[in-house]
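I have placed the structure first, in the form of structure tokens, so that the comments after it can refer back to it.
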Amino acid sequence: MFIASLVAIILSAGQAPAPKLTPGDRAAAEAATQAYREAWLSNNPRRIMATLTPDAVLYPSTLPPIAGGDAIRKFWFPSSTSTRVVAMELSIDTVHVDGDTAVTSGTGSLTFVVTTDGIDGAPRTQRSWHVNVLRRQGDGSWLIWKRMWGDLR
């Protein structure tokens, strides 16, 4: 995807040469993106937030950026409603790793039910594209630092 390539170029501009990468780096970045999907399917907010860095930023379709764990929790898990994910597909079309930064991109769909005042709404499905910028952590794991998505019609 053009957007993923552009993000990778911007992030790598002016950096020192990256250390030699292994096929495991690429697989680990992809696995971290899939862990995000699995966390949503668990419907466990702590598990979902654990896939993000503490300084993560979301760039939702048609909304301003949402920065930091507290703001992301309020956006995804408002006290007035609850959202239950009933299905989530996520394909990863590209993975680019440059040192301790990785970019994954692809498409997917999310089916969810919003409950308000104890009443379930009708299931809704959204199809979207996504770009994740991940950072390698001190322990070698990868977490999502920036997540962007846009709706597909």
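Normalised by the empirical 2.2 N^0.38 Å for globular proteins, what value does the Cα Rg of region 21-62 take? In units of the globular-protein estimate, region 21-62 measures up at 1.34.
For the chain, what Kirkwood radius comes out of the mean inverse Cα-Cα distance, in Å? Each step should come with its number before you reach the end.
On the way: mean 1/r = 0.0616 Å⁻¹.
That comes to 16.2 Å for the chain.
Working note: 222 nm ellipticity from helices only, DSSP H runs with n ≥ 4, each -39,500 (n - 2.57), summed and divided by the residues of the chain, gives -8500 deg cm²/dmol to the nearest 500.
For Thr53, the residues whose modelled amide H falls within less than 5 Å of its own, excluding neighbours fewer than 5 places apart on the same chain, are Ile144, Trp145. Listed by number, the DSSP H helices of the chain that run 27 Å or longer by alpha-carbon position along their axis and have mean Kyte hydropathy of at least -1.0 are 23-42. Let me cross-check Met49: its accessible surface, 1.4 Å probe, with only protein heavy atoms counted, in Å² to the nearest 10? Only protein atoms counted, so the area is about 30 Å².
Computed 3J(HN,Hα) for region 85-90, one whole-Hz value per residue from the Karplus formula 6.51 cos²θ - 1.76 cosθ + 1.60 where θ = phi - 60°, is 7, 10, 7, 8, 10, 8, glycine and proline marked x. Summing Lys, Arg as +1 and Asp, Glu as -1, what charge do residues with Cβ under 12 Å from the Cβ of His96 carry, His96 excluded? Spelling it out: positives minus negatives among the neighbours equals -3.
The values are calculated or read from the model by the stated rules, or taken from the named source; none is laboratory data. Everything quoted here is computed from the prediction, not taken from an experiment. Cβ atoms come from the backbone with ideal geometry, glycine included; neighbour counts cover every protein chain shown. Keep in mind that these areas ignore ligands, DNA and RNA; they rest on the heavy atoms of the full protein, side chains included. Shrake-Rupley method; radii C 1.70, N 1.55, O 1.52, S 1.80 Å.
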